[in-house]
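Here is the structure we will look at.
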Amino acid sequence: MEEEEKIFFPEHYETKFDPYAYLTHYYSRKALDDGTRLSLFALPTFARIIEREMREDERQSLIDIGAGPTVYTAICFRDVVKRVCLTDFLQKNLDILNDWLDRKRTFDWSPLIRIVCRMEGECLVNGDEVHDIEEQARSLVTAGGIYHADVTTSPCCQRERLPIQQFDILVSVFCLESACTNYESYCQAMANMLELLRPGGRLIIGSVLDEDRYVSGKSTVFSLLALSEEEIRLAAEKNDIDMQSARKFVLEDDGVMFFIATKNQH
């Protein structure tokens, strides 16, 4: 008889989530060569949209809610904003981010940087250029900082610690459906998070569609709140996001959706 798959839940992240296994599973050279994280290539496209459509003085700051152990957002938006704040719930993820910020070698981001550059139209990137791009991303995070976040609380970050109270751009990829166990708590988490986005600012969401689990690495499986595209749209609209302005990418093969939309002005 086949052994039943063991699924862990949000309360197990502190003990069962392995940041290095996660990075290897999704961001290693092999994973990227295999196309495992193809869905995240929507972010460079959104970065270009924001660069084109927002004046420079309107796109100074970005916060990534639930960045995990990754610096992907800072790499993608390195030419678009002046500061990036990375946040996560788990201290072990924050430790990896701080090690990266302090240049303690923890993970090789160069394969991903090369792919981002190809997405941006720069086909050939040498080692020095890769280093410069990572340093540019690092300088943005130095300007912004690394913070604890808990989307189940309001506010989801300690505002007195943040450099500013509201941000021009808020990014959250595969976070809320990992932290929430029902739709009501998902909508509340969306509200808690969006307190940090200024009116007129841009929200970028990446979400898994209609799936109740994901592999975090080393065959460790965590639960997800299964959400439809319509449920995600309604939660955003309920929290003052103008979904008429939204542009989206739905990657059917990956079962994910990304969208960018504007927070309503009052």
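In the range 116-162, how many are assigned to a helix (DSSP H, G or I), more than 30 Å from A191 (Cα to Cα) and not β-branched (V, I, T)?
Adding up the residues that qualify gives 11.
Among the listed residues V250, V256, identify the single one that is crowded, with 16+ Cβ neighbours inside 10 Å and in contact with a Leu (Cβ under 8 Å, 6 or more places away or on another chain).
Criteria check complete, one pass: V256.
Looking at I113 and the list (1) in a helix (DSSP H, G or I); (2) under 26 Å from V221 (Cα atoms); (3) under 18 Å from the mean Cα position of the chain (by Cα), which single condition is not satisfied?
The one condition I113 does not meet is (2).
Is it true that T262 is over 18 Å from I49 (Cα atoms) and either surrounded by fewer than 18 Cβ atoms within 10 Å (Cβ to Cβ) or not small (G, A, S) (or both)?
Numbers: over 18 Å from I49 (Cα atoms): no; either surrounded by fewer than 18 Cβ atoms within 10 Å (Cβ to Cβ) or not small (G, A, S) (or both): yes.
Answer is no for this residue.
Does the range 175-200 hold any residues that are in a loop (DSSP other than H, G, I, E, B) and either surrounded by 17 or more Cβ atoms within 10 Å (Cβ to Cβ) or not charged (D, E, K, R) (or both), and which are they? Give the derivation first.
Of the range 175-200, the ones in a loop (DSSP other than H, G, I, E, B) are 175, 180-182, 195-196.
Scanning the range 175-200 gives C175, C180, T181, N182, L196.
Taking the conditions exactly as written (among the acidic types (D, E), out of contact with any Ser or Thr (no Cβ under 9 Å at 6 or more places or on another chain) and modelled with pLDDT of 95 or more), does E135 satisfy them or not?
yes
Please pick out the residue among Q158, Q166 that is among the polar types (S, T, N, Q) and under 21 Å from L90 (Cβ atoms).
Values: Q166 fails: under 21 Å from L90 (Cβ atoms).
It is Q158.
Check R103 against each of (1) outside any helix (DSSP H, G or I); (2) crowded, with 24+ Cβ neighbours inside 10 Å; (3) without any contact (Cβ under 8 Å) to a residue 40 or more places away in the chain and name the one condition it does not meet.
Failing condition for R103: (2).
Hey, any hits in the range 176-183 for a residue that's in contact with an Asp or Glu (Cβ under 7 Å, 6 or more places away or on another chain) and of a type in the set (F, W, Y)?
yes
Among all residue pairs at least 6 apart or on different chains, which show Cβ distances below 8 Å where the first residue, located in the range 235-254, is in contact (Cβ under 8 Å) with a residue 60 or more places away in the chain and the second is of a type in the set (G, A, S)?
Within 8 Å, the pairs are R247/A261; F249/A42; L251/S39; L251/A42; D254/S39.
Would you be able to tell me the number of residues in the range 40-73 that are assigned to a helix (DSSP H, G or I) and either under 10 Å from the mean Cα position of the chain (by Cα) or aromatic (F, W, Y) (or both)?
6
Just checking: which of the strands (runs of 3 or more DSSP E) contained wholly in the range 206-266 hold 3 or more residues that are of a type outside the set (K, R) and in contact with a helix residue (DSSP H, G or I) (Cβ under 6 Å, 6 or more places away or on another chain)?
Of the strands (runs of 3 or more DSSP E) lying wholly inside the range 206-266, those with at least 3 residues that are of a type outside the set (K, R) and in contact with a helix residue (DSSP H, G or I) (Cβ under 6 Å, 6 or more places away or on another chain) span 241-251, 256-263.
What residue, among those in the range 143-174 that are small (G, A, S) and under 17 Å from L62 (Cβ atoms), is surrounded by the fewest Cβ atoms within 10 Å (Cβ to Cβ)?
From the range 143-174, those small (G, A, S) are 143-145, 149, 154, 172; that's our starting set.
When the remaining residues are screened for being under 17 Å from L62 (Cβ atoms), the result is 143-145, 149, 172.
Values: A143: 15, G144: 24, G145: 17, A149: 28, S172: 24.
Of everything passing the filter in the range 143-174, A143 is surrounded by the fewest Cβ atoms within 10 Å (Cβ to Cβ).
The values are calculated or read from the model by the stated rules, or taken from the named source; none is laboratory data. Predicted model, so just to flag it, every value in this text is computed and none were measured. Positions of Cβ are generated from backbone atoms using ideal geometry, with glycine treated the same way; all protein chains shown enter the neighbour counts.
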